[in-house]
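Inspection log for the structure reproduced underneath, given as structure tokens.
The values are calculated or read from the model by the stated rules, or taken from the named source; none is laboratory data. What you see is a predicted model; the values in this text were computed from it and never measured. When we count neighbours, we look across all protein chains shown, and the Cβ atoms used for this are built from the backbone with ideal geometry, even at glycine.
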Amino acid sequence: MILLTHAYFLADDAKEQQIMKPYPPLGILYLSGYLKENNIIHEVFDTTFSTKNEFYNNLLQKKPSYLAVYINLMTKLNVLEMIQFVKNSPELSETKIILGGPDVRYNTDNLLNYGADFLVIGEGEETFLEIVKNESDFQSIDGLAYKDKSGKVCVNKERTLRKNLEHLPFPNRKSIDLNLYLNAWKKYHSESSMTISTMRGCPYTCHWCSRGVYGLSYRRNSPQKVVEEIMWIQTNYEVDNFWFVDDVLQSVIVGLKILEKS
């Protein structure tokens with residue numbers, strides 16, 4: 001079994017407890033949607049409204065073959081703690097740890113030396129699928145970093161980014177309890193809110209911006225697909241507002257115009 005998680009705990013974030021504008025882990029949900037489309041059995045453990053003890057108990061109960069964790073600057077310490085828990089638990093001796101997210105590109109050696117088994121560098125869906133499908137020939141998997149049998153850190157060539165996002169499935173929002181987020185928004189702000197992404201990358205070259213995942217790329221969904229996703233969300237959940245998490249909004253603007261006409 002494969003377990004996906006993201007290592008952010010709202011209970012440990014005093015500032016966010018004051019703001020109370022939590023959003024679901026969209027990147028993990030995209031990965032879940034891709035695995036589901038490819039008939040890969042997996043689960044998502046959403047840590048946001050959970051605790052570390054609940055997460056660790058779940059790990060010991062499920063004993064996943066792969067534990068995949070999204071890591072960024074905010075969650076790094078929690079992820080390192082998770083790695084140590086797995087490596088120090090005899091019950092999880094067969095569990096392989098896969099890390100992905102913006103942090104892995106710039107901390108490859110450190111994370112592998114600390115105990116991570118694989119790092120997915122760049123866009124994650126295809127690389128992750130190849131890892132779990134091909135459990136021996138890791139040299140052939142683009143976008144992967146790992147240690148070989150001698151302990152040497154190996155970084156494979158970059159994965160070519162898919163040019164067309166149209167064939168990517170929607171985030172698997174049904175894999176977690178989204179109502180926890182919607183209810184929190186409703187309670188503290190009187191209106192619920194949901195994230196949606198319509199593109200990947202950015203056409204500009206601001207030096208302060210992270211390019212650890214999408215690199216120098218800019219790809220967007222069609223306005224029609226944007227509308228389809230909005231309508232699916234509205235059909236399945238009670239959402240008052242959408243936050244578009246894009247760097248540029250071309251598909252969003254056209255998509256909203258289509259919605260106005262429909």
Problem - Within the range 167-194, considering residues that are of a type in the set (Ser, Thr, Tyr) and surrounded by fewer than 17 Cβ atoms within 10 Å (Cβ to Cβ), the one nearest to the chain's Cα centre (by Cα) - result: TYR188
Practice task
Hey, could you check the range 1-17 for residues that are of a type outside the set (Gly, Ala, Ser) and in a helix (DSSP H, G or I) and say which is surrounded by the most Cβ atoms within 10 Å (Cβ to Cβ)?
Solution key: LEU10
Fill in the blank from the handout: Condition set among the hydroxyl-bearing types (Ser, Thr, Tyr) and surrounded by 17 or more Cβ atoms within 10 Å (Cβ to Cβ), scope the range 198-229, selection modelled with the lowest pLDDT: answer is TYR214
Completion exercise
ASN156 meets each of (1) surrounded by fewer than 18 Cβ atoms within 10 Å (Cβ to Cβ); (2) at pLDDT below 95; (3) touching a Gly at 6+ places or on another chain (Cβ under 9 Å) with one exception, condition (2)
Practice task
Considering only the range 96-124, state which residues are among the small types (Gly, Ala, Ser) and over 12 Å from the mean Cα position of the chain (by Cα).
Solution key: GLY115, ALA116
Completion exercise
Screening LEU35, LEU60 for residues that are modelled with pLDDT of 95 or more and buried (at least 19 other Cβ atoms within 10 Å of the Cβ) leaves only LEU35
Exercise for the section: Return the pairs, sorted by first residue and then second, in which the second residue is assigned to a loop (DSSP other than H, G, I, E, B) and among the aromatic types (Phe, Trp, Tyr), the first residue lies in the range 47-75 and is free of Cβ contacts under 8 Å to residues at least 12 places away in the same chain and over 21 Å from PHE128 (Cβ atoms), the beta carbons are less than 9 Å apart, and the residues are 6+ apart or on different chains. Expected result: GLU54/PHE45
Exercise for the section: Considering only the range 67-98, state which residues are crowded, with 20+ Cβ neighbours inside 10 Å and aromatic (Phe, Trp, Tyr). Expected result: TYR70
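Residue-wise test of (1) in the same structural domain as GLY124 (by TED's automatic domain parsing); (2) under 19 Å from LEU144 (Cβ atoms); (3) among the acidic types (Asp, Glu).
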position: PHE55; (1), (2), (3): yes, no, no
position: LYS62; (1), (2), (3): yes, no, no
position: LEU73; (1), (2), (3): yes, no, no
position: GLN84; (1), (2), (3): yes, no, no
position: ASN88; (1), (2), (3): yes, no, no
position: GLU94; (1), (2), (3): yes, no, yes
position: ILE97; (1), (2), (3): yes, yes, no
position: VAL104; (1), (2), (3): yes, yes, no
